[in-house]
Every structure is written in structure tokens, then in C-alpha cells.
1. What is the residue count in the stretch 55-67 for residues that are part of a helix (DSSP H, G or I) and either under 15 Å from Ala2 (Cβ atoms) or open to solvent by 60 Å² or more (accessible area, probe 1.4 Å) (or both)?
2. Any residue at all in the stretch 28-43 that's assigned to a helix (DSSP H, G or I), modelled with pLDDT under 90, open to solvent by 70 Å² or more (accessible area, probe 1.4 Å) and not aliphatic (A, V, I, L, M)?
3. Any residue in the stretch 97-121 that's of a type in the set (Ser, Thr, Tyr): show its pairings with residues that are open to solvent by less than 40 Å² (accessible area, probe 1.4 Å) at Cβ separation under 6 Å, as long as the two are six or more apart or on different chains.
4. Restricted to the stretch 68-86, and to residues that are of a type in the set (Lys, Arg) and in a helix (DSSP H, G or I), which residue is least open to solvent (accessible area, probe 1.4 Å)?
5. Looking at the stretch 98-109, is at least one residue over 11 Å from the mean Cα position of the chain (by Cα), assigned to a helix (DSSP H, G or I) and at pLDDT 90 or above?
6. Go through the residues of the stretch 113-131 one by one and say whether even a single one is within 25 Å of Pro23 (Cα to Cα), surrounded by fewer than 12 Cβ atoms within 10 Å (Cβ to Cβ) and out of contact with any strand residue (DSSP E or B) (no Cβ under 9 Å at 6 or more places or on another chain).
7. Can you tell me which of Leu96, Leu4, Leu48 is more than 19 Å from Gly128 (Cβ to Cβ) and open to solvent by less than 60 Å² (accessible area, probe 1.4 Å)?
8. Against the condition without any contact (Cβ under 8 Å) to a residue 24 or more places away in the chain and either closer than 13 Å to Ile3 by Cβ or of a type in the set (Lys, Arg) (or both), how does Thr16 come out, does it pass?
Amino acid sequence: SAILIMTAALETSTKTHISEIAPDCSWLMESIASPPIFKILKDYIPRLHKERGTDMDFWDGAKPLLKVIQRLVEVRNKVAHTGKIPKLVEPLDDYLLAVNDILYVLDALKGYEWAKSLVSRPVAHSLGWPESKHHVMTITIKHG
């Protein structure tokens, strides 16, 4: 269920981001099936922001992060269509961290500078952003 939930959060947040940045596109986000979320993040988000005057020179640094997102969506599709969890390329926590990072990147693109300090250190480094002073921690509780 974590795979389905985190992917739904990613897709919902990305569509919300587009609707906020380009309100004239919001009806599209609500009314029709969208292209794959990886394609939206890779191609449409930078294009949308460039058209609105946002400097997107850092976006090439997001490629490793977007590859993880692409693999997450592939895993989600297999789970949703077969009901079986395929072998994960990355640990589940890595997918969760990637979604977390993308959500903060989308916040930063909306002008929330504080969000840059909350992305993981590797992502901040690859985007050319200042290294975070915050430490992200994931706690796993196992029963049995």
C-alpha cells in the first residue's frame, strides 16, 4: 500500500503544482488522463516554468532523482495491475525519499526558498543548491 500511496501523493502534488502555476491548465488536470508523471516532471514542468520566466538551469541535475521516480511508477503499475509486488530496484525508503525530494523541489519552484533546505543532501548537491542544515531521518518499525 505504501507504493500506491506515495505514487498517488506524487501524482496529486504534481498536478496541483501545474494547476497553481498555470491555472488555465487546471481543467486539463481534472478532466483528462495525464501523460506519465515521469514525462510531466522531466519535460513539462521545466517547460512550464521556463515559459513563465523561471530559471531552470538546475533541472538537468534532477535526472538521477527522476530516474528513481520513473522506477517507482513502474513498480506501482505492476502492483496495481497484478496485485504482486515485484522485486524493488531501490529499497522502499529510497522511493519515499525521492517522492519527498520531488515535493520539496516543486515547493521551491513555487518560490518557497525554505523548501530548498529540506531536500536530501544528494539532491541539493545535484541541483547546485546549498547543502541542507537539516537531517532527514526515516524510522522503520518492524513487528515480529
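1. 5
2. Yes, the stretch 28-43 contains a residue that is assigned to a helix (DSSP H, G or I), modelled with pLDDT under 90, open to solvent by 70 Å² or more (accessible area, probe 1.4 Å) and not aliphatic (A, V, I, L, M).
3. The qualifying pairs are Tyr104/Ala115; Tyr104/Val119; Ser117/Ser132; Ser120/Asp101.
4. Arg76
5. Yes; the residues of the stretch 98-109 include at least one that is over 11 Å from the mean Cα position of the chain (by Cα), assigned to a helix (DSSP H, G or I) and at pLDDT 90 or above.
6. Within the stretch 113-131 (the criterion being within 25 Å of Pro23 (Cα to Cα), surrounded by fewer than 12 Cβ atoms within 10 Å (Cβ to Cβ) and out of contact with any strand residue (DSSP E or B) (no Cβ under 9 Å at 6 or more places or on another chain)), the answer is yes, since at least one residue qualifies.
7. Leu48
8. No: the conditions fail for Thr16.
The values are calculated or read from the model by the stated rules, or taken from the named source; none is laboratory data. Note that the coordinates shown come from a computational prediction; the quantities given were computed from them, not determined experimentally. We place every Cβ from the backbone using ideal geometry, glycine too, and count neighbours over all the protein chains shown. With ligands, DNA and RNA removed, areas are computed over all heavy atoms of the protein, side chains included. Shrake-Rupley method; radii C 1.70, N 1.55, O 1.52, S 1.80 Å.
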